[in-house]
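Here the structure comes first, spelled out in structure tokens, and everything after it is commentary.
The values are calculated or read from the model by the stated rules, or taken from the named source; none is laboratory data. Source: prediction; values computed, not measured. Using ideal geometry, Cβ is built from the backbone for each residue, glycine included, and neighbour counts are taken over all protein chains shown. These accessible areas exclude ligands, DNA and RNA; they are computed on the full protein's heavy atoms, side chains included. Shrake-Rupley method; radii C 1.70, N 1.55, O 1.52, S 1.80 Å.
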Amino acid sequence: MKAIRVTAHGGPEVLKPEEMPAPELGPGQVLVRVRAAGVNPVDTYIRAGAYSISNLPYTPGFDAGGEIEKVGPEVTAFKKGDRVYTSGSISGTYAEFALCNVSTVHKLPPKISFAEGAGLGVPYATAYRALFHRGRAVAAETLLVHGASGGVGTAAIQFARAAGLTVIGTSGSEKGRKLVLENGAHHALDHHSPGFNDELMRLAQNRGVDLILEMLANVNLGKDLALLARFGRVVVIGSRGKVEINPRDTMSRDASIHGMTLFNATESELKSIHAGIYAGLDNGSLRPIVGKEMPLSDAARAHVEILEPGASGKIILVP
Ligand code: NAP
């Protein structure tokens, strides 16, 4: 099979297309024929060696949309040909076939394409956990999705809109803000605008927002705290460095800052996350946004583009 292999940590150039045998199945495992693989920022951090979770050599990728090719012993939930999305893989999804534990494979409704399915695993699970498990969002609250034009942000808008929140989303580009509104946000703002704080407070009736989902905390966290209403929460989803905050901004509001990583989700949280995703796909309130499809052999280019400004949905690799 074709697969992208990493034999040494480093820049995007270490992602090399290779031919290799398809993985062997064990008990409780399935082999997924990957029709589309989702590219996530975390794939680039692992490739660069920032996390020690992949032994070398390895094939990157957690997310895919595809079909069940084979089922291993003890697997009863799936059969050959079933349409699925993955939220993790033993062998990596940047390949024609991906070996997965059955617990990381989920049914994909017929109306959702494989490319859309490849945008579900990490982004939708992260958005759900940040919004509901960590952020405790409830209907009638006001939400700021700070960085709403990418994989996690578009998912968060869709979940929040369906759950009855007032949603304000941000993007640094005109195209991104259009996407934010098309996905159901009530308002779209430019996170680079010098008047951002004033515009946000005006939209939040000068009361502040109840919840902020933060994609770039090292830039925004200090300012976020002053934008919160009383009892407001910030959930830190993404951060690429340090930031200075004024703790007094939390005191005066009884505000709280919640960190989160999807890898800490418990089994029961994962069960509710994927049930929530399936329900939203089925009732039409969720629809992953495919921004760009590239051939699998362009994985290195995808790793450059995923970290550049101007996000517009998901980057997908097609084997
Ligand atoms: P993505 O698709 O590349 O999107 C990045 C988003 O960040 C875009 O909406 C981008 O907006 C926005 N952004 C850029 N500059 C910003 C600024 N100054 N202020 C606010 N937002 C800004 O990435 P993603 O998959 O959505 O992931 C977003 C972040 O969450 C990444 O850092 C990722 O590593 C992290 N993440 C964390 C977890 C976890 O478990 N904690 C899970 C998944 C992702 P424009 O390009 O329109 O400016």
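Points worth noting:
- Lone unmet requirement of (1) within 25 Å of the chain's Cα centre (by Cα); (2) part of a loop (DSSP other than H, G, I, E, B) for Arg207: (1)
- Those residues of region 45-61 which are farther than 19 Å from Thr86 by Cβ and either away from the ligand (no atom under 13 Å from the Cβ) or surrounded by 19 or more Cβ atoms within 10 Å (Cβ to Cβ) (or both), in sequence order: Gly49, Ser52, Asn55, Leu56, Pro57
- Any hit, region 295-307, residues being within 22 Å of Ser171 (Cα to Cα) and part of a loop (DSSP other than H, G, I, E, B): yes
- Selected residue [on the phi < 0 side of the Ramachandran plot, more than 19 Å from the chain's Cα centre (by Cα), buried (at least 24 other Cβ atoms within 10 Å of the Cβ) and in a strand (DSSP E or B)] from Ala3, Ala64, Ala37: Ala3
- Among the residues of region 225-242, those that are buried (at least 16 other Cβ atoms within 10 Å of the Cβ), more than 10 Å from the ligand (Cβ to nearest atom) and either of a type in the set (Phe, Trp, Tyr) or in contact (Cβ under 8 Å) with a residue 60 or more places away in the chain (or both) comprise Leu227, Ala229, Arg233.
- Selection count where residues are under 15 Å from Arg136 (Cβ atoms) and small (Gly, Ala, Ser), scope region 197-255: 3
- Taking the listed residues Gly26, Gly119, the one that is open to solvent by less than 50 Å² (accessible area, probe 1.4 Å), closer than 18 Å to Leu296 by Cα and in a loop (DSSP other than H, G, I, E, B) is Gly119, with no other qualifying.
- When region 286-319 is filtered for residues that are basic (Lys, Arg) and either within 15 Å of the ligand (Cβ to nearest atom) or open to solvent by less than 40 Å² (accessible area, probe 1.4 Å) (or both), the ones remaining, listed by number, are Lys292, Arg301, Lys314.
- The one condition in (1) in a helix (DSSP H, G or I); (2) touching a strand residue (DSSP E or B) at 6+ places or on another chain (Cβ under 8 Å) that Ser103 fails to fulfil: (2)
- Odd one out for His106 among (1) open to solvent by less than 30 Å² (accessible area, probe 1.4 Å); (2) within 14 Å of the ligand (Cβ to nearest atom): (2)
- Ile273 surrounded by 12 or more Cβ atoms within 10 Å (Cβ to Cβ), touching a residue at least 60 places away in the same chain (Cβ under 8 Å) and β-branched (Val, Ile, Thr): yes
- Test: residue in region 68-79 that is more than 20 Å from Val318 (Cβ to Cβ), more than 13 Å from the ligand (Cβ to nearest atom) and acidic (Asp, Glu): yes
- Residue within region 156-179 that is touching a strand residue (DSSP E or B) at 6+ places or on another chain (Cβ under 8 Å), of a type in the set (Val, Ile, Thr), in a helix (DSSP H, G or I) and free of Cβ contacts under 8 Å to residues at least 60 places away in the same chain present: yes
- Residue within region 130-150 that is free of Cβ contacts under 8 Å to residues at least 60 places away in the same chain and not in a loop (DSSP other than H, G, I, E, B) present: no
- Hits in region 243-263 - residues which are hydrophobic (A, V, I, L, M, F, W, C), surrounded by 12 or more Cβ atoms within 10 Å (Cβ to Cβ) and within 24 Å of the chain's Cα centre (by Cα): Val243, Ile257, Met260, Leu262
- Hits in region 142-174 - residues which are more than 22 Å from Glu269 (Cα to Cα) and more than 8 Å from the ligand (Cβ to nearest atom): Thr142, Leu144, Thr166, Val167, Ile168, Gly169, Glu174
- Qualifying residue in region 140-150 (condition: among the aliphatic types (A, V, I, L, M), under 18 Å from the mean Cα position of the chain (by Cα) and open to solvent by 10 Å² or more (accessible area, probe 1.4 Å)): no
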